[in-house]
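Working notes for the structure below.
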Amino acid sequence: MTMVPYLDKSMVEVVDVWKKYEEHGDWVLKGIDLSVPESEKVFILGANGSGKTTLIKIIAGLIRPSKGKVSILGIEPYYPEAKSLMGVVLHTSLVYSPLTVEENLLFYAKLFGVNDYSPENDEIVEILKLKAKINEKVASLSFGWRRRVDIARALIHKPSVLLLDEPFTGLDDTGVSDLITVLDMHTSRGGVVIATAPKETDIGPLKDVRVLKLEGGRLR
């Protein structure tokens, strides 16, 4: 395992990350540097195609940068030790449509190695108001409710780092308020949130957040 030094209490380190998908193609990301200490919320703003999703996937260890390094508490994100520290929510839902909300959460609890998990006793399930949908199949849920299930799934194992790609998309005002409660609670306990949004108005009334812009492949 390759260990990457991280600064002070920084939990996520992105160091000079570049990315292009084709050998002779254009650079999607150009020399991205990002250091995120504990208890911080960071939102990365950018238009569609700006590279926001690519950056989230690189931090999550789902794709590799063309150049540069990423670490989660000093561990490269491709290793199980790092993945166990992360919760990830992407545009594409990772919950299973034929299963109920409860069945999905129990499945992922087992996958994450969380013993004695009960959705009824999960405070995230409570905050996101998922108890009302607990016996419904995901296939019957709206996009916004599926997003709530995905967020609860990502937090089952109490990860240190929460990575969210446009998490407010599809949520109504109540859903936005509930998600803000979840994010604030996560960072109040020392966790990190790194998320994306198309523009600043899309992050709602979220406070105590560092806002960065991804333009021309560079983070500003």
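The values are calculated or read from the model by the stated rules, or taken from the named source; none is laboratory data. In this text the structure is predicted, and so the values were computed from the model without any measurement. Quick reminder, even Gly has a Cβ in these numbers, built from the backbone with ideal geometry, and neighbours come from all protein chains shown.
Structure notes:
- Condition check for Ser39: under 19 Å from Leu164 (Cα atoms), outside any loop (DSSP other than H, G, I, E, B), small (Gly, Ala, Ser) and in contact (Cβ under 8 Å) with a residue 60 or more places away in the chain: no
- Test: residue in segment 91-104 that is in contact with a Pro (Cβ under 9 Å, 6 or more places away or on another chain), within 19 Å of Arg210 (Cβ to Cβ) and not in a loop (DSSP other than H, G, I, E, B): no
- Answer residue from segment 107-127, given it is of a type in the set (Val, Ile, Thr) and out of contact with any Leu (no Cβ under 8 Å at 6 or more places or on another chain) and is farthest from Val95 (Cα to Cα) among those: Ile127
- Tally, over segment 106-124, of residues that are over 17 Å from the mean Cα position of the chain (by Cα) and surrounded by 13 or more Cβ atoms within 10 Å (Cβ to Cβ): 7
- Residues satisfying the stated conditions in segment 120-165, i.e. in contact with a Gly (Cβ under 9 Å, 6 or more places away or on another chain) and either assigned to a helix (DSSP H, G or I) or at pLDDT below 95 (or both): Phe143, Gly144, Trp145, Arg146, Arg147, Arg148, Ile151, Arg153, Ala154, Leu155
- Of the criteria (1) outside any helix (DSSP H, G or I); (2) surrounded by 13 or more Cβ atoms within 10 Å (Cβ to Cβ), which one Pro205 fails: (2)
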